[in-house]
Amino acid sequence: MRFLSVLRKCAREQKRDLWILGLSLAFAPLFVFIYWMFTGGNVTTSYGILVINHDVGITLSDGSNLKSGEEAISAMEVLTFKDGSPILRVKSITDRPAGEKSLRDRDATVLIIIPPDFSQVIAEAQSGETPTTTLEFVGDLTNPYYTVAAVMAITALDSYTVSMTSEYRAVELLETALGGSAARTEFEIYIPGLFVFAVILIMFQAAMMVARDIESGTLQRLKITRLTAFEYLSGTTTWLVLIAVVTILVTFATAAAFGFRSQGALWIAILVGIITSLSIIGVGMIVASFSKTVSQAFVIANFPFGFFMFLSGAAFPVPMGTLFTIAGRDISIVDILPPTHAVAALNKVFTLGVGLDGVIYELCALSLLSVIYFAIGVWLFRRMHLKA
Amino acid sequence: MNKVVLQAQGLTKKFGSLTAVDELSLDVYQGEVFGLLGPNGAGKTTSISMICGLLEPDAGSVSIHGLPVHGGQVEAFTRVGVCPQETILWEKLTCLEQLEFIGEMYGVSRKVARQRGEELLALLGLSEKRDKLSATLSGGMKRRLNVALALVHDPEILVLDEPEAGLDPQSRVLVREYIRSLAKKKTIILTTHNMDEAERLADRVAIIDHGVLLVVDTPEELKRTIGEGDVLELEIKEISPEQAMAAIEEALPDLSLRSEQSAAWQSPPPQEADRFVVENAPRDDMVSLRGINIADKLPTIINAIQRAGGQVGEIHLRANTLEDVFIALTGRRLRE
Ligand SMILES: Nc1ncnc2c1ncn2[C@@H]1O[C@H](COP(=O)(O)OP(=O)(O)OP(=O)(O)O)[C@@H](O)[C@H]1O
Ligand SMILES: [Mg+2]
């Protein structure tokens, strides 16, 4: 098995560059640490919520008054972090323009408008009817806290209405089914992105490891032995996947040491990480195909790196239009970036505690992308470097 | 009749407007050492790259034991070992590790590759450096390792592009001896700028220039037929060198005086046998003659001088060398 020999060669070469290996392994954990410091670790931020309560209330048949608007507000107020501090600071106001101004000033994060028929709809739902009403969420979407605060508020409101109407959703929320994400520290919310970041960094290793054989001419020697691009790249890739696994484990251990708790099973996160690293390494091979030297590989690798970091949602959310729809899924241009799916999957596992069946779509997408990128990498590499 | 193991036919390679190799055709016989000579940029490395399948020729073909090299015959490759002109090593692997690795790449088992690697390191004087990273070797040691890498898989045909470059005399002898020891069992193609090396090692040499094959023959035959021939210098006693010269001219009707030496160097006419020229003598009491196989005429010349009343003292004979042949064919001009 020549690919095994290539794997061993990679391991041996890496052994002599231990500090580079150490540096790349330490990178993501270091960022975990930095984020932990910046976010104050377990010290949590509470998000300012403004509420305009138009709910008029209703007198029920048994003579009692139902004021669902006020009850919903209380439901938001009782959300707390693990340490007992409130997640949402809820303030009732009456003036919408004033509320919008404080959103723009970022004094508050979300403005929630409760409709006048809120209590009535809930009461009707309780008696078996199926009316609906809409809760309006207003927020500055460029405010990075918006998503977090909205998720929290929706969680609280949704669980309130569901408890009142026994599973019938009388109130349409902006985003439903995001339950379970309560009680995450801000630090924990950044962790999936950091995991993906750790995996993305492997791309540099991949591109540069291959470029070293190109630059030194040793690839010419291998070419004479009629080594195939597939054998060479799969051997190298296997080594890099091993590094990726170690990176993921080290990053997770670091995060765990600083108080990170995953809601879902860790092995699913690792599986996501491995498949992501395969596709990332595939991209690294494409980069290497275009490189003649190690430094060229480094410079070229920065391009996909930029896309991965800034367009995949690893660093911040990206609003992207839909290209087309497959099986009820909206596919957009950022879906060709493996980290997009990795971030989505890790968020589900870490924050929402989703099981394997919940991330099947992402795993399939990542596997498909891995195959595509790796195949392109092999094809290009053969064309650019192994053809006589 | 010797068996042809490697055959190149009409090999041509162009780099833009430059024709680096122009319709090169060669037959290399089993068990011979075949020297490929030519000035810098003549196209030796390009030819070798095409021969071992690294470079796709624009035209022509190469076959090893009748199997085409270009066109995916993996079998043809494992029979060839290549030592590139440039030292190409894995800097982060030790000497033994890279021998092992390349051996495995050629399909040799790890155990055998390791064992052969150790043997080669010993034979090429690198045993002490077995477990050292190749980056830490001296230039000459790297060159030797470069040669070793071509041999781990025990190839039948060995292609060496300037194996002696950058070696000290000890290493040169070592490598040369090693190549000579292989010569019986393997077919060797080597390029060199060292005419001495080629003369000592090669059974046949090819001289190419500007991508064109000029001659292919044994070094002896080339020396006998090409170049300005041997130089004969005679110390003349009793009579003057001029008188002696007159007597020699009478005895050798083909003798012609070289009109202008520098002109002769620039456009060297391949000399025909039995044409001799008179050279400037190194001493006042000497005559100097040059010609292919002039040594054969020595008795006639001495006879003529004695008949004219003279005596011959010291006799110096400098034989025609491969370098003379080379210069005669490729000229003196430096290649840019
Ligand atoms: N990849 C290339 N691209 C363009 N020109 C090339 C390339 N490789 C070789 N050449 C040109 O082809 C000619 C022959 O080069 P080659 O390396 O075969 O010479 P050589 O006989 O090996 O010379 P040397 O004795 O200096 O090693 C030279 O003019 C060289 O500049
Ligand atoms: Mg050369």
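Would you pick out the residues in the stretch B:144-179 that are under 22 Å from B:Ile64 (Cα atoms), among the charged types (D, E, K, R) and away from ligand 1 (no atom under 16 Å from the Cβ)?
Once the filter is applied, which keeps residues that are under 22 Å from B:Ile64 (Cα atoms), among the charged types (D, E, K, R) and away from ligand 1 (no atom under 16 Å from the Cβ), the stretch B:144-179 yields B:Asp154, B:Glu156.
Hey, B:Ile207 hits all of (1) within 16 Å of ligand 2 (Cβ to nearest atom); (2) at pLDDT below 90; (3) of a type outside the set (D, E, K, R) but one; which does it fall short on?
For B:Ile207, the failing item is (2).
Scan B:Val74, B:Val80, B:Val69 and give me the residue that is β-branched (Val, Ile, Thr), more than 16 Å from ligand 2 (Cβ to nearest atom), closer than 30 Å to B:Lys132 by Cβ and modelled with pLDDT under 90. Give the derivation first.
Details: B:Val74 fails: closer than 30 Å to B:Lys132 by Cβ; B:Val69 fails: closer than 30 Å to B:Lys132 by Cβ.
Testing whether each residue is β-branched (Val, Ile, Thr), more than 16 Å from ligand 2 (Cβ to nearest atom), closer than 30 Å to B:Lys132 by Cβ and modelled with pLDDT under 90 leaves just B:Val80.
Could you give me the residue pairs with C-beta distances under 7 Å whose first residue belongs to the stretch B:45-59 and is farther than 18 Å from A:Leu227 by Cα, whose second residue is among the basic types (Lys, Arg) and more than 16 Å from ligand 2 (Cβ to nearest atom) wherever it lies, and which are 6+ apart or on separate chains?
B:Asp58/B:Lys14
Report yes if B:Glu119 is free of Cβ contacts under 8 Å to residues at least 12 places away in the same chain, crowded, with 21+ Cβ neighbours inside 10 Å and out of contact with any His (no Cβ under 8 Å at 6 or more places or on another chain), otherwise no.
On the way: free of Cβ contacts under 8 Å to residues at least 12 places away in the same chain: yes; crowded, with 21+ Cβ neighbours inside 10 Å: no; out of contact with any His (no Cβ under 8 Å at 6 or more places or on another chain): yes.
So B:Glu119 fails the test.
Please go through the stretch B:79-98 and give me each residue that is part of a loop (DSSP other than H, G, I, E, B) and within 8 Å of chain A (Cβ to nearest Cβ), ordered by number. Write out each step before concluding.
Quick first cut of the stretch B:79-98, residues part of a loop (DSSP other than H, G, I, E, B) only: B:79, B:84-93.
Passing the criteria: B:Pro84, B:Glu86, B:Ile88, B:Leu89, B:Trp90, B:Glu91, B:Lys92, B:Leu93.
Given (1) in contact with a Pro (Cβ under 8 Å, 6 or more places away or on another chain); (2) of a type outside the set (Asp, Glu); (3) at the interface with chain A (Cβ under 9 Å from one of its Cβ atoms), identify the lone condition not met by B:Cys52.
(1)
Sort out which residues of the stretch B:1-57 are on the phi > 0 side of the Ramachandran plot and among the aromatic types (Phe, Trp, Tyr), and write them in order of number.
None; the set is empty.
Could you identify the single residue in B:Gly125, B:Gly103, B:Gly107 that is facing chain A (nearest Cβ under 10 Å), more than 24 Å from the chain's Cα centre (by Cα) and part of a loop (DSSP other than H, G, I, E, B)?
Working: B:Gly125 fails: facing chain A (nearest Cβ under 10 Å); B:Gly103 fails: part of a loop (DSSP other than H, G, I, E, B).
Result: B:Gly107 is the single residue among B:Gly125, B:Gly103, B:Gly107 that is facing chain A (nearest Cβ under 10 Å), more than 24 Å from the chain's Cα centre (by Cα) and part of a loop (DSSP other than H, G, I, E, B).
Say we look at the stretch B:9-54 and pick out the residues that are near ligand 1 (Cβ under 8 Å from one of its atoms) and among the hydrophobic types (A, V, I, L, M, F, W, C); which of these is farthest from B:Phe77 (Cα to Cα)?
Filtering the stretch B:9-54 for residues that are near ligand 1 (Cβ under 8 Å from one of its atoms) and among the hydrophobic types (A, V, I, L, M, F, W, C), the one farthest from B:Phe77 (Cα to Cα) comes out as B:Leu18.
Results for (1) within 14 Å of another protein chain (Cβ to nearest Cβ); (2) more than 16 Å from ligand 2 (Cβ to nearest atom); (3) within 25 Å of B:Ala8 (Cα to Cα); (4) among the acidic types (Asp, Glu), shown as yes or no for each residue.
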| site | (1), (2), (3), (4) |
| --- | --- |
| B:Leu149 | yes, yes, yes, no |
| B:Asp161 | yes, no, yes, yes |
| B:Leu174 | no, yes, no, no |
| B:Leu190 | no, no, yes, no |
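For B:Glu220, are the conditions met, namely being surrounded by 16 or more Cβ atoms within 10 Å (Cβ to Cβ) and more than 16 Å from ligand 2 (Cβ to nearest atom)? Show your work before the answer.
Numbers: surrounded by 16 or more Cβ atoms within 10 Å (Cβ to Cβ): no; more than 16 Å from ligand 2 (Cβ to nearest atom): yes.
The answer is no for B:Glu220.
Identify the residue in the stretch A:214-258 that is of a type outside the set (A, V, I, L, M) and under 22 Å from the mean Cα position of the chain (by Cα) and, among all such residues, is nearest to the other protein chains (Cβ to nearest Cβ). First the steps, then the outcome.
The first filter runs over the stretch A:214-258 and keeps only residues of a type outside the set (A, V, I, L, M), leaving A:215-218, A:220-221, A:223, A:225-226, A:228, A:230-232, A:234-239, A:247, A:251-252, A:254, A:258.
Filter once more, so that each one left must be under 22 Å from the mean Cα position of the chain (by Cα): A:247, A:251-252, A:254, A:258.
Numbers: A:Thr247: 21, A:Thr251: 26, A:Phe252: 30, A:Thr254: 28, A:Phe258: 35 Å.
The qualifying residue nearest to the other protein chains (Cβ to nearest Cβ) is A:Thr247.
If we scan the stretch B:2-25, do we find a residue that is aromatic (Phe, Trp, Tyr), within 24 Å of B:Leu201 (Cα to Cα), out of contact with any His (no Cβ under 9 Å at 6 or more places or on another chain) and not in a loop (DSSP other than H, G, I, E, B)?
Checked against the condition, which is being aromatic (Phe, Trp, Tyr), within 24 Å of B:Leu201 (Cα to Cα), out of contact with any His (no Cβ under 9 Å at 6 or more places or on another chain) and not in a loop (DSSP other than H, G, I, E, B), the stretch B:2-25 yields no hits at all.
Of the residues that make up the stretch B:35-48, is at least one away from ligand 2 (no atom under 16 Å from the Cβ) and either within 13 Å of chain A (Cβ to nearest Cβ) or surrounded by 16 or more Cβ atoms within 10 Å (Cβ to Cβ) (or both)?
Keep residues of the stretch B:35-48 that are away from ligand 2 (no atom under 16 Å from the Cβ), which gives none.
Within the stretch B:35-48 (the criterion being away from ligand 2 (no atom under 16 Å from the Cβ) and either within 13 Å of chain A (Cβ to nearest Cβ) or surrounded by 16 or more Cβ atoms within 10 Å (Cβ to Cβ) (or both)), the answer is no, since none of the residues qualifies.
Here is a list of conditions, (1) part of a helix (DSSP H, G or I); (2) farther than 21 Å from B:Ala198 by Cα; (3) at pLDDT 90 or above, and B:Gly60 meets all of them except one; can you say which number that is?
Of (1) part of a helix (DSSP H, G or I); (2) farther than 21 Å from B:Ala198 by Cα; (3) at pLDDT 90 or above, only one is false for B:Gly60: (1).
Just to be sure I understand, how many residues within the stretch A:1-37 are outside any helix (DSSP H, G or I) and either assigned by TED's automatic domain parsing to the domain that holds A:Val196 or among the acidic types (Asp, Glu) (or both)?
Taking the stretch A:1-37 and keeping what is outside any helix (DSSP H, G or I), we get A:1, A:16-17.
Within this subset, residues satisfying the condition of being either assigned by TED's automatic domain parsing to the domain that holds A:Val196 or among the acidic types (Asp, Glu) (or both) are A:17.
Summing the residues that are outside any helix (DSSP H, G or I) and either assigned by TED's automatic domain parsing to the domain that holds A:Val196 or among the acidic types (Asp, Glu) (or both) in the stretch A:1-37 gives 1.
Each row is one residue, and each column tells you yes or no for (1) of a type in the set (Gly, Ala, Ser); (2) touching a residue at least 60 places away in the same chain (Cβ under 8 Å).
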{"residue": "B:Leu174", "(1), (2)": "no, no"}
{"residue": "B:Ser181", "(1), (2)": "yes, no"}
{"residue": "B:Thr187", "(1), (2)": "no, yes"}
{"residue": "B:Met195", "(1), (2)": "no, yes"}
{"residue": "B:Glu221", "(1), (2)": "no, no"}
{"residue": "B:Ala247", "(1), (2)": "yes, yes"}
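The values are calculated or read from the model by the stated rules, or taken from the named source; none is laboratory data. Just so we're clear, the structure is a prediction, and the values are computed from it rather than from any experiment. Here the Cβ is made from the backbone with ideal geometry for all residues, glycine too, and neighbour counts use every protein chain on show.
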